[in-house]
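S.K.: Quick one: the structure is below, and I'll ask about it shortly.
The values are calculated or read from the model by the stated rules, or taken from the named source; none is laboratory data. In this text, all values refer to a predicted model and were calculated from it rather than measured experimentally. FYI the Cβ positions are ideal-geometry reconstructions off the backbone, even for glycines, and counts take in every protein chain you see.
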Amino acid sequence: MAVKLTKNEQKKQKDQLKQYERYLPTLQLKKQQLQMVIRQIESDLSQYREKQNELIRSAQDWIGVFGENSTFDASRQLDSLVRPDKVVRGEGNIAGVVIPVFQDLTFQDIDYDVEQYPLWVDRAVLLLRDSARIDALMATLKVQVTLLEKELRTTSQRVNLFEKVKIPETKENIRRIGIYIGDQQTAAVVRGKIAKKKLADKEETA
């Protein structure tokens, strides 16, 4: 974009450059913070996956009896005893991005007659609830990553715009205006000297 080769435009360009150079470190810091938080959440996700696997492994010695579940009538199978109700989430803020924060997964309060079930059912209900909570927590963390990655893309684009376009472009405009103004001042001095010499010559011949 063409710029006016004037002192006013030079001042305007210098003011813009100061703004860009003041704003860029903030953007770079935000970019680093987002990258760091995303890495941490992805690490947390990996840990929760492992925790869920450990939960399943810890039940290997008795999980075979789950086969008995198919012998219960439909109204008494485990699915009827463990029914998630709602995911309770709060709100957090990371680098200006509002994200959901997992708090709890509630379940419908279902009473069952322990005498109608084998002993392993109580443990199975607790296991399924713990596993469901981890699923809900991981789903919330994935939403966090999605939101933060979107903000990271936008922030990275702005950093690139400032670093590779706006700041170099503004510096070049200031340089061009400075050269033009310098040339104009030099030309004015030369014209002044020529005019002075002509006047002096004229006075000598008078």
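S.K.: Can you run down the residue pairs with Cβ atoms below 7 Å, 6 or more apart or on separate chains, where the first is in the stretch 6-24 and within 19 Å of Gln157 (Cα to Cα) and the partner is acidic (Asp, Glu) and surrounded by 14 or more Cβ atoms within 10 Å (Cβ to Cβ)?
M.R.: Leu24/Glu163
S.K.: So, one more: Identify all residues within the stretch 169-198 that are β-branched (Val, Ile, Thr), over 37 Å from the mean Cα position of the chain (by Cα) and closer than 28 Å to Gln19 by Cα; write none if there are none.
M.R.: The answer is Ile177, Ile179, Ile181.
S.K.: Could you tell me whether the stretch 71-91 includes any residue that is modelled with pLDDT under 95, over 23 Å from Lys150 (Cβ atoms) and touching a Lys or Arg at 6+ places or on another chain (Cβ under 7 Å)?
M.R.: The answer is yes; a qualifying residue exists.
S.K.: Please go through the stretch 21-56 and give me each residue that is modelled with pLDDT of 95 or more, of a type in the set (A, V, I, L, M) and in contact with a Ser or Thr (Cβ under 8 Å, 6 or more places away or on another chain), ordered by number.
M.R.: Leu27, Leu34
S.K.: In the stretch 25-47, what residues are in contact (Cβ under 8 Å) with a residue 40 or more places away in the chain, hydrophobic (A, V, I, L, M, F, W, C) and more than 15 Å from Phe162 (Cα to Cα)?
M.R.: Matches in the stretch 25-47: Leu34, Val37, Ile38, Ile41, Leu45.
S.K.: Residues that are modelled with pLDDT of 90 or more, over 22 Å from the mean Cα position of the chain (by Cα) and more than 24 Å from Tyr23 (Cβ to Cβ): does the stretch 145-168 have at least one?
M.R.: no
S.K.: Return yes or no: is Lys150 touching a residue at least 60 places away in the same chain (Cβ under 8 Å) and part of a helix (DSSP H, G or I)?
M.R.: no
S.K.: Among Thr155, Thr170, Thr140, which is the only one that is in contact with a strand residue (DSSP E or B) (Cβ under 6 Å, 6 or more places away or on another chain), crowded, with 16+ Cβ neighbours inside 10 Å, part of a helix (DSSP H, G or I) and not aromatic (Phe, Trp, Tyr)?
M.R.: Checking each option against the conditions leaves just Thr140.
S.K.: Taking Arg123, is it at pLDDT 85 or above and part of a helix (DSSP H, G or I)?
M.R.: No; evaluated as a whole, the condition is false for this residue.
S.K.: Please work out which one of (1) modelled with pLDDT under 90; (2) in contact with a helix residue (DSSP H, G or I) (Cβ under 6 Å, 6 or more places away or on another chain); (3) surrounded by 13 or more Cβ atoms within 10 Å (Cβ to Cβ) is the condition Ile110 fails and give its number.
M.R.: (3)
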